[in-house]
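Heads up, the thing below is written out as structure tokens.
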Amino acid sequence: MKIAVDEARTGINAGHGGPFGCVIVRNGEIVGQGHNEVVKRKDPTCHGEVMAIRNACKALGTYDLSGCELYTTAEPCPMCRGAILWANISRVYYGCNVNDTDRIGFRDKVFYEGGEDISEELDREECLKVFEEYTALNDKKQY
Ligand SMILES: [Zn+2]
């Protein structure tokens, strides 16, 4: 967690984004780390956890981080929680909780409650065709 805090500090001092740092560990060894770079990259998905997941996947040459543990300075937002689950990360340790994050002005809290419903179904039949094409492939993988 100390290294995650250092990552967060590096990020805020460089003006990269919020005070969020993250480290991913496998078998006691750091395999990826990162900090929030939303401002630097002008990309709202560049949260510390996502940056660390990208780095770990690149370093290990896989999209599957099974057996890895993630340390982050703040409780993962719903987007990062989703990314963590997609990556099969086994355990998460966080420092500050969502109320702490809310207190310094980040709006995660509304997303935990689902946010505004902005989605609706469109052209399902057309999209199902590509699903069928996918299921017909012999070498399909499970992502
Ligand atoms: Zn996040």
Given labels modelled 7 Å from the Cα in the Cβ direction, how far is it in nm from R103 to T135?
5.0
Additional length obtainable on full extension of the chain from Y93 to R81, 0.36 nm per residue less Cα span:
3.1 nm
Where the centre of each part is set by its Cα atoms, how far does the range 1-64 sit from the range 69-110, in angstrom?
12
Only Cα pairs within less than 10 Å get springs; with that Gaussian network setup on the chain, which residue of F20, F106, F131 has the largest fluctuation?
F131
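Mind checking the per residue accessible area of the chain for me, 1.4 Å probe, whole number of Å²?
68
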T135: accessible area at probe 1.4 Å, nearest 10 Å²?
90
For the pair I3 and S119, the simple spin-label estimate (label points 7 Å beyond Cα toward Cβ) gives in nm 3.5
Cα-based helix-to-principal-axis angle, 2-13 vs the chain, degrees rounded to 10:
90
Calculate, in nm to one decimal, what K42 and L128 gain on full extension: separation in residues at 0.36 nm each, minus their alpha carbon distance.
27.6 nm
Counting pairs of Cα atoms in the range 75-117, how many percent are more than 13 Å apart?
57
Of the candidates V38, V23, V130, which one comes out as most mobile in a Gaussian network treatment of the chain with C-alpha springs shorter than 10 Å?
V130
Determine ³J(HN,Hα), in whole Hz, for all residues of the range 85-90 in sequence, where each value follows from phi through the Karplus function 6.51 cos²θ - 1.76 cosθ + 1.60 and θ = phi - 60°; x replaces Gly and Pro.
5, 4, 7, 6, 5, 7
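Please report the relative contact order for the chain, taking Cα pairs under 8 Å with a sequence separation of at least 6, and give it as a percent rounded to a whole number.
17
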Regarding the chain, what whole-number volume in Å³ per residue does the convex hull of its Cα atoms give?
138
Would you rank I30, I118 by solvent-accessible area, highest first, keeping every protein chain in place and using a 1.4 Å probe?
I118, I30
Using a Gaussian network for the chain with springs between C-alpha atoms less than 10 Å apart, which of these wobbles most: D108, D100, D64?
D100
Note the angle between two axes, namely the Cα long axis of helix 48-60 and the longest principal axis of the Cα atoms of the chain, as a number of degrees from 0 to 90, rounded to the nearest 10.
70
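The values are calculated or read from the model by the stated rules, or taken from the named source; none is laboratory data. On a predicted model such as this, the values are computed, not experimentally measured, just so you know. A quick note on method: Cβ atoms are made from the backbone with ideal geometry, for glycine too, and the neighbour counts reach across all protein chains shown. These accessible areas exclude ligands, DNA and RNA; they are computed on the full protein's heavy atoms, side chains included. Shrake-Rupley method; radii C 1.70, N 1.55, O 1.52, S 1.80 Å.
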